Amino acid sequence: MKKVLYLIIYIAFNLASCQQAYNLPTSFQEQEEQANIYPDYRDVTIPANIAPLNFLVKDSLGGDFVVELRGEKGEALIAGSTDGSIQMDTTAWRTLLKENRGKQITVSVFAQHNDGWVKYKTHTLTVAEEDIDPYLSYRLIEPGFELYRQLGLYQRNLTNWDVHTIYENNRVFNNEDNHCINCHNYQNYSTERMLFHIRANHGGTVFVDGDKAEKIIIKDSLILTSGVYPTWHPERNWVVFSTNKTGQTFHLYSDERIEVIDEGSDLLLYDADKDEVSHILHTTEAMETFPCWAPDGKSLYYCSAETPFIKMLNDSLPKHEADSISAMWYIGNWDSLRYDIKRMAFDEKTRTFGEPEMVVNASAQHHSVSVPRISPDGRYILYTQGDYGQFHIWHKSSDLWVKDLQNDSCYALKEANSEDVDSYHTWSSNGRWIVFSSRRMDGNYTRPHIAYFGKNGQAHKAFCLPQEDPMHNVLLLKSYNVPELTKDAVRVSEETLRNTIYNTEGKKATYK
Amino acid sequence: MSVKKNQKNSVRSTGNKPSAPKHINEANGTKQRPNSSTSPKKTLLNRLPLLPIPIVSFLLIWWWAGIWQGDVFRMIRENSFFAFDQLLMQYETCKPYGMLWSAGRGLLMLFRYPILGGALLSLMLTLSCWLLGYAMRLSARWRWIQWLPLCIYTGIITYQGLNNYYEAETGMTLGIPTAILSILIVWGIIIRSFSKKDSPAMVRLPKDETRKDNYLQLAVVALIGVLPAVVFGNVYRSYVRPIASMQISVMEQDWNKVIKTAEENAEESYRPLAAQYAMALVQTGEIGDRLFNIRLDYDTLYIKGLNGEAHNALNMYQMECDFHAGLLQTAYHHAMESMAMEGPTLRNLKMLCKTCILRSEWEAAEKYLTILDRVPFEGDFVEKYRAMLHDVEAVNNDPEFAVVRELEPIHDNFENRFIQPVFLGYTSALGEGRSMSALKNSLMVNIYTKTMPQFLMRCQALVGQNPPINIGQAMALMSSKYPEVQKSFPNLSYYIPELQNFLNETNQYIQARPGITEEEKAQLLKMGITPSGKDTLISSENRALHARELFPRYKGYYPYYYFFGNLKATKKKDTKESSNAGVN
C-alpha cells in the first residue's frame, strides 16, 4: 500500500515539475499575416546574452499555441501553451542564441482554431555579435503627477529574471520617514561609484564607493535648489550636477498630461574627494541642465535655453518682483521655451571650463532637445528631441535623435522611435545598444526598450525588456524610470543604504 | 417545599454567589447547572424559550453587516483591491502584515454583494466568539464574556465611520477578524487535543445554560453589540450610511436614488453628500432646479487622512466630481494620485479606465480592464466597458459618458490656473462651453460660490431662454441691484413677488443687529464661527444663527442660500494640501 502511495506521489511530483512537451502540428493552414504578439518582438535585433523573449499570442480564436524558434545552427526550441502565454526554457534559449550569434532565428507561431491549426507568417530574431551590459538599473514609480508613496531603485540582470532591490523607501506612510528617491547615476558603467538623491525627509545625495555609502548635502544660499541631474566624470571623483528650480502644471484638455517647467537652472561641479561644490554656470540669461561628460572627460555637454527676458527682469527689478513675474512668464511661455545642446571644453589640470559652443541648435528649427548622452567612442550624441521644453518624458512629440560628430549630421532614430514618448536613454559600454524609456505600449506607463545601434549609426527596431511572465507589463502599475546600464552588479547592500539614509545627518558640501 | 427551595437555589445560582448547586455531566465531565426545565415556577424569564445564541448572534450580525451597514462595507470594498496575482498585490504584501491585510482584502471582495459578505463576516465573528468561549473554558454563567469581541468589533466599525475606507488600510476590516479566528481555531484544536473538553452547543440549544445565562448572552449581543452600534451610528455618524449609499448609487449610475437619498437627508449637510448629489443632478440635468434642496452648510465630519490628522474629505469625491464636470484629465490625475498614495483600489482603477475610454486611450483602458478582470466579482464592469473599446460610437452613446462629453473643455489650460478644487474653479470660470449644459453648470457654480459678477456676465448667453428655477431666482435677486437684468429677462417678474415676501420675512435675520448673548456666542462657536465682537452681531453671524430654523421653510430657494447658506466657508478655509508632493 505504501509503495503505491509513494508511486502516486512520485508521478504527481513529476507531472507538476516537468514542462509539458509540445509537438509541432503536422498539418496547418498558412496565414498571410504575422501573429499578433505582446510585447512586439517581431523582427528585432537582440543581444545573445538577453533573457528569453517570452510573449503572449493575441489570438482569441486559438485554443492551443505552439511556437518554434529555429536558428541556422543547433536544435530548434519549441514552446507552447494553452492560453497564448509563451514562456521559453531558459537553457534551451541560451543555447540557441549562443549557437546563432550574428545569425537569424526564425520564429513560427501556430495556433489551433476550431477548424484546425494555423501557422502565422514567420518573423525573425537577429542575434547581434555584441552583448549588452548585463545589468539595468531603474526606478519604479507610479506615473503619477505630484504625489509619491512606494518607490524604489532596482537592478535587473538582463541575462535572466533576477531583480535586485538597490533601495526602497518606506513602505508605509509615515510623516517622519516619507521620502522620494531619484536620479541614480554611475561612473563609467561601473557600480564601484554610484549616487542617487533622497528628497523630503532624510534628504541628501547618497554617494556610494564600493560597499560604503555616505550622505552629502549639496545646498547653499547661492545654489538654486540642490544637485539634480548628475553626470560623473569618467575617471575622476567629480560630479557635475544641474541645479533646477522645477515646477509642474497639469493639462486640462490635451494629448499631454503634465508640463514640467524649470524656472531657473545652473550647473555645479562637485568634488567628491574634497566635498566641495562650485558653480560652473550661474546665469539668468540662460538655463542650463542635463549635463553629460564626454567619455574622455575633456568636454562637458549640456542643454541650454536662452532667457534674455528673465535677465532683463532681474537687471531692472527687485528680486522678489522679478521672481514673481518670471514665474508667470515661464508658465505663459511653456510651449515656446526651447533648449539646445552646448559643449564646454574642460581642462582637468586647472579644473576650468572653456567657453560654451553650440552643438545642436534645435531652437533654430523650432525644436527643443534634452538629455544628451555621448556614445562610448565619442562619435555620437544621443538625445531626445521634442517640440518644446526639456522634460520630454511627458511629451508625445519626443523622439530619439543622434548627432554624428564626425560629419555634424543630425537625424532621428526612426526604426527605434514610436508615435508615443521615447525619452530617457543610455548607451551600453560597447556602444552597440541603447536602452530608453518609452510609453509606446499603452501611452501611460514607461517601459525600458532596447535597440541595437549599428555601426552605420542607425538604430534597429526596439524591443521591450523581456519578462518571465509576458503579462508583467500589463499588470505592473508602475513606470520604469531612468534606465542605466552597468557592467556589474551593485555592491552596496540595501541595509547599508538604509542606515546611511535614516541614521546619518549628511555631510554638508562646502561651497567654493 | 423542597421543590421551591430548589427553585430558589436555582435562581440564586444565576447571581454571583458561588454556592449554587452544580451537576456533573457524567458523559463528558463538564459541569452543568440545572436549567429551568427542572423549575416549575412560571416567572417571565422562565416562560421564554432557550435560544441558540450563536445562531441568534449570526443572524443579528448578518443583518447589521449585510443590511444595516451593507453599503458601508461595500464602499470599504470599493476602496480596496484584491487579485490572485502576486505582482498586483505587491503594494500591499510589502507592508508589515501585508499578507494578513491581503487576506482581509480578499474576503472583503464578497461585499460586492453585502448579503454574502455580511454572512461571511457574521460567521467569522460568531465562530470567533464561540471559539473564544471554548478556548477560555468559560462556564455557562460567564459565557456572555465570549461575545464581547463582537461588541468591540461593531463598536469600532461604527465609531470609525468613513475612516473605515477613507485613505485607510481596508485589509484590516476583515484581516483582523481573520487573524483572530485563525488563532482561536488553532487554540481550540490544541485544547481539544489535550483536554478532550466538549465544545458548547453552537447550533443546538445549550444544555448547560440557565435562561438567565442564555438571555444575558443575548443581551450582550443585541444590547451591547448591535443596538449601541445602530444608535451611535444614527446619532453621531448619521452621515456615514447615506454617503456610502450615495457613493454606491453614483457608481451604479442610479441617479434618482442618489437624489432621493440626498433629499431624504436634506438637513444633513456634509460635503461628500452634497458632491454626490450635485453629480447626480448634473447627470439628470436638474442641477439648475434642485441644487439648493439640501442644506449646504457643511458640518464637520469625523474623518482622518493618511497622516491621522483631521481631513476635509475632498479625496472622497474629488475624482468623481472632476469626471462629472467633464475634466477627464483632472479625474485621471486625481485617480493616479490616489493610486500612488493608497495603492490600486477598485475605485481609482475604474476611474482610470473610464477616463481612458473617453479619451480613446484604448491600450491603457485595456490594461485597467485586464487588471479589474482579475478581481473577484468585477465581471460586469469589465464586460460593459470592454465592449466599448475601439468603438467611439458606443462610448458616445453611453448615457453617463454622453453627459460628460458635453461638459468637456474646448480649449486646453492648466489646472493650476484655477481656484481649487478645479472642478469648481474651472467650471465657475468657464469662458467657452461645449453645450448649454456646460453654461448652466457654470452659472450654478457661480451662484453656489456667490460670485455674482461672473454670474451676471455669463447670464447674457441665456437671453431669450427660460432659465432654470435657481438661476431665475438668482437673476431676480440680482435685478434689485442691477435693474438692467430684468430688462434682458422680462420673465423674471414671475420670481419677484416671492422674493419680496422672502426679504420681508427674513430682513430681521439678514441685517446686523446690536448685542450678542452668551448663548448666541456659544451657538456660533459650536457652528465653527468665531463671533467678531461682543456688542454687535454682524450680519453673517445673525444669519448663521437663524439659518437652520429657516431652512425647512425655504429649502430649494436660492435667495435663502445666498443670505443664509454656506456662511462658514467665508469664515474658515479648511482645505488641506498634501506636502508629499514632487516632480515625478
Would you call B:ARG141 basic (Lys, Arg), under 28 Å from B:ARG192 (Cβ atoms), outside the structural domain of B:ILE303 (by TED's automatic domain parsing) and in a helix (DSSP H, G or I)?
yes
Looking only at strands (runs of 3 or more DSSP E) that lie completely in the range A:179-295, which have at least 2 residues being hydroxyl-bearing (Ser, Thr, Tyr)?
A:190-200, A:238-250, A:258-271
Filter the range A:249-302 for residues that are of a type in the set (S, T, N, Q), within 14 Å of another protein chain (Cβ to nearest Cβ) and within 22 Å of A:LEU313 (Cβ to Cβ); the one that is surrounded by the most Cβ atoms within 10 Å (Cβ to Cβ) is A:SER265
Selection over the range A:176-196 where residues are over 18 Å from the mean Cα position of the chain (by Cα) and either acidic (Asp, Glu) or more than 11 Å from chain B (Cβ to nearest Cβ) (or both) yields a count of 4
Taking the range A:63-90 and the residues there that are in contact with a strand residue (DSSP E or B) (Cβ under 6 Å, 6 or more places away or on another chain) and in contact (Cβ under 8 Å) with a residue 60 or more places away in the chain, the one that is farthest from A:SER108 (Cα to Cα) would be A:SER85
Flagged in the range A:301-339 as of a type in the set (D, E, K, R) and in a helix (DSSP H, G or I), in numbering order, are A:LYS311, A:ASP315, A:LYS319, A:GLU321, A:ASP323
What are the residues in the range B:509-529 that are assigned to a loop (DSSP other than H, G, I, E, B) and surrounded by 11 or more Cβ atoms within 10 Å (Cβ to Cβ), if any?
B:GLN511, B:ALA512, B:ILE516, B:MET527, B:GLY528, B:ILE529
Which condition breaks for B:ALA340 when tested against (1) farther than 28 Å from B:MET475 by Cα; (2) more than 14 Å from chain A (Cβ to nearest Cβ); (3) touching an Asp or Glu at 6+ places or on another chain (Cβ under 6 Å)?
(2)
Looking only at residues in the range A:439-461 that are touching a Ser or Thr at 6+ places or on another chain (Cβ under 7 Å) and away from chain B (no Cβ under 14 Å), which one is farthest from A:PRO483 (Cα to Cα)?
A:HIS460
A:VAL421 - would you say it is in contact with a His (Cβ under 8 Å, 6 or more places away or on another chain), surrounded by 23 or more Cβ atoms within 10 Å (Cβ to Cβ), at pLDDT 95 or above and closer than 24 Å to B:TRP362 by Cβ?
yes
Any pair with Cβ under 8 angstrom, 6 or more apart, that starts in the range B:296-316 at a residue that is within 14 Å of chain A (Cβ to nearest Cβ) and surrounded by fewer than 20 Cβ atoms within 10 Å (Cβ to Cβ) and ends at one that is modelled with pLDDT under 90 and not in a loop (DSSP other than H, G, I, E, B):
B:LYS304/B:ALA310
Does at least one position in the range B:83-99 carry a residue that is over 22 Å from B:ALA119 (Cβ atoms) and surrounded by 24 or more Cβ atoms within 10 Å (Cβ to Cβ)?
yes
Looking at the range B:392-411, which of the residues that are touching a Gly at 6+ places or on another chain (Cβ under 6 Å) and more than 15 Å from B:GLN253 (Cα to Cα) is surrounded by the fewest Cβ atoms within 10 Å (Cβ to Cβ)?
B:GLU408
Which of the strands (runs of 3 or more DSSP E) contained wholly in the range A:115-175 include at least 1 residues that are within 14 Å of chain B (Cβ to nearest Cβ) and buried (at least 17 other Cβ atoms within 10 Å of the Cβ)?
A:135-141, A:152-157, A:163-168
Pairs needed: first member in the range A:425-439, within 13 Å of A:ALA128 (Cβ to Cβ); second member anywhere, polar (S, T, N, Q); C-beta distance under 6 Å; at least 6 residues apart or different chains.
A:GLY431/A:SER375
I'm told A:ASN160 meets every condition in (1) in the same structural domain as A:ASP271 (by TED's automatic domain parsing); (2) more than 23 Å from A:TRP433 (Cβ to Cβ); (3) not aliphatic (A, V, I, L, M) except one. Can you identify the failing condition by its number?
(2)
Among the candidates B:SER532, B:SER540, residue that is assigned to a loop (DSSP other than H, G, I, E, B), away from chain A (no Cβ under 14 Å) and modelled with pLDDT under 90:
B:SER532
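The values are calculated or read from the model by the stated rules, or taken from the named source; none is laboratory data. Only a predicted model underlies this, so the values are computations on that prediction, with no experimental measurement involved. Neighbour counts are summed over all protein chains in view; Cβ atoms, including those assigned to glycine, are modelled from backbone coordinates with ideal geometry.
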